[in-house]
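**Student:** One structure coming up, written as structure tokens, with questions to follow.
The values are calculated or read from the model by the stated rules, or taken from the named source; none is laboratory data. Given the structure is predicted, the values throughout are model-derived calculations rather than measurements. Note that we place each Cβ from the backbone using ideal geometry, even for glycine, and neighbour counts take in every protein chain shown. Accessible surface is based on the protein model in full, side chains and every heavy atom, while ligands, DNA and RNA are left aside. Shrake-Rupley method; radii C 1.70, N 1.55, O 1.52, S 1.80 Å.
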Amino acid sequence: SWAQAVDAQEAAAESVSLNLRNTKDKAAQSLLNKLIRSNLVQNTNQVEVLQKDPNSPLYSVKSFEELRLKPQLLQGVYGMGFNRPSKIQETALPMMLAEPPQNLIAQSQSGTGKTAAFVLAMLSHVDPNKKYPQCLCVSPTYELALQTGKVIEQMGSYYPEVRLMYAIRGNKLARGMKLQEQIVIGTPGTMLDWCGKLRFFDPKKIKVFVLDEADVMIATQGHQDQSIRIQRLLPPTCQMLLFSATFEESVWNFAQRIVPDPNIIKLKREEETLDTIKQYYVLCNSKEEKFQALCNIYGAITIAQAMIFCHTRKTAGWLAGELSREGHQVALLSGEMQVEQRAAVIERFRDGKEKVLVTTNVCARGIDVEQVSVVINFDLPVDKDGNPDNETYLHRIGRTGRFGKRGLAINMVDSRMSMNILNRIQEHFSKKIEKLDTDDLDEIE
Ligand code: ADP
């Protein structure tokens, strides 16, 4: 129909503009995840390890005590509420703290403890009595650098002799200035200026170089090159550490240029499954009918917290408005909001201040809100060619392994086209999606 064509056009426009903003979007997504994350992401997979020297014994630790950290740092770690190393930290920390230092490339999804790990490594390696930079950390954006800086400050809060400097735009220093801080964190451009032409510190004295969020980094024009130029100013004895949430070929090529003779560790994402999910569909004839059906089941879905996904911002805005008019308290998460605003909305939702969150397919990509047990696909997820987006469907409603609580997914179908999409999703996962009669709700309760 005409309305569907317009919808498809709008969604395509949104997805094109997001592609153009791909870089910004990746950085924003990463920042958003950091802002909303309050715990470790659990993962039962085995860490895969590729050692530079396969004959050397492989150490992993089950406690922070085993690492023989400085007491101030152990206090810092416990002060942050950490009891034991995370999966990735068990292997990464002994490698990073070994003598002589070892180079490391590590990959694991966001929230698994990478930042905490390299922050601890940097803090362990600095000599607080020496008043010049010894550790560098580069991040893809100003905001991400600030977030990591906060972790350094928090973990180092019992170790005040160690000081931190931000090499970020807007932080202008007087010519000829020499930094006294032991750790410098910043973005590649400013960092390169500071250790290159401006000579605010001597790169030859750097002992640890951390490159964070390598996948976001290489998506930004110029960052890859700047990072490599920084790396070349460092002494060959400098420990090089690189972290990434994902590892496509391009990230891997970059990683190998930055980190010579690395140990490599990887932690696979936990598989998601639909096994513990009850999936339904509701058959309607229009957007208005879908809204009516949603109202009919509203009481049942708001026993738990629910997320409702729409194809476009316009539909999401409309739906949130209609639900509010019915007297329901709903939150709206939309692509035009600033990252901080989005984080605030997600936080309120996570704290249970609203039971229902309406959002667009695109906007919610990559965000995990763990406690959601009801997902409504007001529009089914499709890719830019209008084919079923199975991956998004799975990520949205699936649960991971044994942490998975039971969940409920309701798909709203309003045309032959969307029925076809639903059938294809059903076939793809070989999991039946049952028809739900919204006038008779006994089934889902
Ligand atoms: P990543 O860098 O992989 O995204 P973070 O280091 O930011 O992961 O850790 C994710 C969250 O888990 C943060 O809130 C962090 O404080 C917390 N965290 C990290 N390591 C531990 C640990 N060993 N025990 C408990 N919580 C941890």
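**Student:** Only one of (1) buried (at least 20 other Cβ atoms within 10 Å of the Cβ); (2) over 24 Å from Asp383 (Cα atoms); (3) within 16 Å of the ligand (Cβ to nearest atom) fails for Lys268. Which number is that?
**Tutor:** Unmet for Lys268, out of (1) buried (at least 20 other Cβ atoms within 10 Å of the Cβ); (2) over 24 Å from Asp383 (Cα atoms); (3) within 16 Å of the ligand (Cβ to nearest atom): (1).
**Student:** Answer yes or no: is there a residue in the stretch 211-233 that is open to solvent by 20 Å² or more (accessible area, probe 1.4 Å) and over 19 Å from Ala255 (Cα atoms).
**Tutor:** no
**Student:** Follow-up. Just one of the numbered conditions (1) buried (at least 17 other Cβ atoms within 10 Å of the Cβ); (2) touching a residue at least 60 places away in the same chain (Cβ under 8 Å) is not true of Ile152; which one?
**Tutor:** Status for Ile152: all satisfied but (2).
**Student:** Considering only residues that are touching a residue at least 60 places away in the same chain (Cβ under 8 Å) and over 22 Å from the mean Cα position of the chain (by Cα), which ones fall in the stretch 216-233?
**Tutor:** Hit for the stretch 216-233 is Ile230, nothing else.
**Student:** Applying the selection to the stretch 303-348, what residues are open to solvent by 70 Å² or more (accessible area, probe 1.4 Å), closer than 18 Å to Phe291 by Cβ and in a loop (DSSP other than H, G, I, E, B)?
**Tutor:** Result: Glu326, Gln329.
**Student:** Here's something else I'd like to know. Quick one: in the stretch 72-99, of everything that is more than 7 Å from the ligand (Cβ to nearest atom) and without any contact (Cβ under 8 Å) to a residue 40 or more places away in the chain, which residue is surrounded by the most Cβ atoms within 10 Å (Cβ to Cβ)?
**Tutor:** Once the filter is applied, the top-ranked residue is Leu93.
**Student:** To continue, here is another question. For the stretch 100-114, which residues satisfy the criterion of being within 30 Å of Leu32 (Cβ to Cβ) and either more than 6 Å from the ligand (Cβ to nearest atom) or open to solvent by less than 40 Å² (accessible area, probe 1.4 Å) (or both)?
**Tutor:** Leu104, Ile105, Ala106, Gln107, Ser108, Gln109, Gly111, Thr112, Gly113, Lys114
**Student:** While we're on this one: Which ones in the stretch 196-217 are modelled with pLDDT of 95 or more, outside any strand (DSSP E or B) and of a type in the set (A, V, I, L, M, F, W, C)?
**Tutor:** The answer is Leu198, Phe200, Phe201, Ile206, Ala214.
**Student:** Can you find a residue in the stretch 372-391 that is assigned to a loop (DSSP other than H, G, I, E, B), more than 26 Å from Asp437 (Cα to Cα) and open to solvent by less than 20 Å² (accessible area, probe 1.4 Å)?
**Tutor:** no
**Student:** Given the conditions (1) free of Cβ contacts under 8 Å to residues at least 24 places away in the same chain; (2) within 13 Å of the ligand (Cβ to nearest atom); (3) not in a helix (DSSP H, G or I), and given that Ser56 satisfies all but one, which numbered condition is not satisfied?
**Tutor:** For Ser56, the exception is condition (2).
**Student:** For the stretch 158-181, indicate whether the set of residues that are within 20 Å of Ser63 (Cα to Cα) and either modelled with pLDDT of 95 or more or open to solvent by 30 Å² or more (accessible area, probe 1.4 Å) (or both) is non-empty.
**Tutor:** Checked against the condition, which is being within 20 Å of Ser63 (Cα to Cα) and either modelled with pLDDT of 95 or more or open to solvent by 30 Å² or more (accessible area, probe 1.4 Å) (or both), the stretch 158-181 yields at least one hit.
**Student:** Within the stretch 252-286, track down each residue that is closer than 29 Å to Asn390 by Cα, among the aromatic types (Phe, Trp, Tyr) and under 27 Å from the mean Cα position of the chain (by Cα).
**Tutor:** Trp252
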